[in-house]
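Q: Have a look at this one before I ask anything.
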Amino acid sequence: MEDLRERVVGCVLGLALGDALGAPFEFRRREAIPVPLPAFELGWSGLPPGTWTDDTAMARNLWRSLAEHRRLVPADLVARHLEWLATDPPDVGSVTRSVLGKIREGDPDAAARYVAERGPEVSAGNGSVMYCAPLGAFRATRPESLYDEAPELSAITHWDERCRTACLAVTLATAALVHGTQPGPAVEDAVAAVVDREGGEELEYLVVEAGRARRIDGPDMGFTLFTAGIGLQVAAEAPGFEEGLRRVVTLGGDTDTNGAVAGALLGAIYGRAGLPPAWLRVLLDRGAIEEEAEALADAATA
C-alpha cells in the first residue's frame with residue numbers, strides 16, 4: 001500500500017512538473033523549441049521558472065475536492081473552479097473561460113450549449129483531459145467508478161464526447177499505473193476500453209503516431225486526443241520521467257498541457273522517488289502541493 005501512496009504523490013507532483021516544464025514553450029512549433037531543452041530555466045508571462053498554469057490550478061481544485069469528500073462531487077468542483085476564475089488567473093483556456101462564465105451567470109447547461117452552438121470543430125479542446133489524472137489516481141483500487149466519473153468530470157466544462165473519451169482513457173491508465181500495472185499493458189487496456197467510444201479509434205492511432213506520423217504542433221494543437229495520445233504514448237514506452245517529459249515538450253504545440261498529462265502518467269509509474277530533485281526544488285508551491293498529494297493518497301487508500 002505504501003508503494004501505491006508514493007505513486008499517487010508522484011502522479012500529482014508529476015502533473016505540476018510537466019505543466020511548469022512546458023509552460024515557457026506553449027504554442028511553439030517544434031522547430032522553435034531549443035534542443036537541449038532549457039528545463040526550469042525560463043519563466044512565462046513575466047512569472048519565474050517553475051510556475052505552473054491553469055492545468056495545475058484546476059487539478060488542485062480536483063484533488064482537494066476528492067481528498068475532502070472522498071468522492072467526485074461535481075457541484076463542489078464547479079464552486080472551486082468559479083472561485084479560482086474570480087481571481088483573474090493569467091492563463092485560462094477559451095472553452096473553460098466561456099463555459100465557467102456562463103455557469104457563473106446561471107446557466108447550468110453551459111457546457112452542452114457550447115457544443116451545440118459552436119459545433120465539433122472547436123468543442124473538443126484539451127481543457128478537461130489536462131487535469132483529470134488525479135481522479136484516476138484516487139480510483140486506483142476502484143477503477144470501475146471511472147466509467148461514470150471521468151465523463152462526468154469532463155462534462156463540467158467540455159461536453160464533447162471526444163473529451164469524455166480522452167478523460168476516461170487517461171484516468172483508467174492512471175488508475176492502473178498507480179495500482180502497479182506495467183506501463184504497456186496499462187495503456188493498452190485503457191485504450192481498448194474506449195476504442196468503441198467516439199474518438200476511440202483516433203486515440204488508438206495517436207497513441208502510436210502522435211508526434212511521429214501526426215504532428216501535434218499545428219493549428220489544431222489543443223485537440224483533446226492529441227494531448228491524451230502523446231501522454232499515453234510516452235507512458236506506454238516509459239523512457240524515464242525526465243526523458244519522457246523532455247521528449248513531449250520538444251514536440252511543440254500545447255506543451256504545458258501535453259506535459260501535464262504526460263507528467264501525471266509518468267509520475268504514476270515512477271512515484272515520488274523517481275521525480276528529478278532539481279526540478280522539484282524550483283516548482284512553485286512544491287511543499288503545499290506535496291501535502292495535498294498526501295491527503296489525496298490518504299483518501300485513495302482509505
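Q: Take the residues of the stretch 256-302 that are acidic (Asp, Glu) and within 19 Å of Pro48 (Cα to Cα): which is nearest to the chain's Cα centre (by Cα)?
A: Out of the qualifying residues, it is Asp256.
Q: Here's a follow-up. Where residues in the stretch 277-302 are out of contact with any Phe, Trp or Tyr (no Cβ under 7 Å at 6 or more places or on another chain) and not in a helix (DSSP H, G or I), which of them is farthest from Glu68 (Cα to Cα)?
A: Leu283
Q: Another question about this same structure. Does Ala236 satisfy the condition of being closer than 25 Å to Val9 by Cα, buried (at least 24 other Cβ atoms within 10 Å of the Cβ) and of a type in the set (A, V, I, L, M)?
A: No.
Q: Filter the stretch 30-67 down to the residues that are among the hydroxyl-bearing types (Ser, Thr, Tyr), part of a loop (DSSP other than H, G, I, E, B) and at pLDDT 95 or above and list them by number.
A: Thr51, Thr53
Q: Among all residue pairs at least 6 apart or on different chains, which show Cβ distances below 7 Å where the first residue, located in the stretch 143-161, is touching a residue at least 40 places away in the same chain (Cβ under 8 Å) and the second is hydroxyl-bearing (Ser, Thr, Tyr) and not in a loop (DSSP other than H, G, I, E, B)?
A: Sorted first by the residue in the stretch 143-161, then by its partner, the pairs are Thr157/Thr96; Trp159/Tyr114; Asp160/Ser123.
Q: Could you list all residues from the stretch 6-29 that are more than 27 Å from Asp298 (Cα to Cα) and in a helix (DSSP H, G or I)?
A: Leu21, Gly22, Ala23, Pro24, Phe25
Q: Just need a number here: residues in the stretch 68-84 that are outside any helix (DSSP H, G or I) and either of a type in the set (Val, Ile, Thr) or touching a residue at least 12 places away in the same chain (Cβ under 8 Å) (or both).
A: 3
Q: Please work out which one of (1) in contact with a strand residue (DSSP E or B) (Cβ under 8 Å, 6 or more places away or on another chain); (2) in a loop (DSSP other than H, G, I, E, B) is the condition Ile230 fails and give its number.
A: Status for Ile230: all satisfied but (2).
Q: Quick one: is Gly253 of a type in the set (Gly, Ala, Ser) and more than 18 Å from the chain's Cα centre (by Cα)?
A: Considered against the rule, which asks whether it is of a type in the set (Gly, Ala, Ser) and more than 18 Å from the chain's Cα centre (by Cα), Gly253 comes out as no.
Q: Another question, if that's okay. Buried (at least 18 other Cβ atoms within 10 Å of the Cβ), hydroxyl-bearing (Ser, Thr, Tyr) and closer than 23 Å to Ala186 by Cα, is that true of Thr301?
A: no
Q: Tell me whether the stretch 219-232 contains one or more residues that are within 20 Å of Gly93 (Cα to Cα) and surrounded by fewer than 21 Cβ atoms within 10 Å (Cβ to Cβ).
A: Scanning the stretch 219-232 turns up at least one residue that is within 20 Å of Gly93 (Cα to Cα) and surrounded by fewer than 21 Cβ atoms within 10 Å (Cβ to Cβ).
The values are calculated or read from the model by the stated rules, or taken from the named source; none is laboratory data. Remember, it's a predicted structure, so these values are computed and weren't measured experimentally. As a convention, Cβ positions derive from the backbone with ideal geometry for all residues, glycine included, and neighbour counts pool all protein chains shown.
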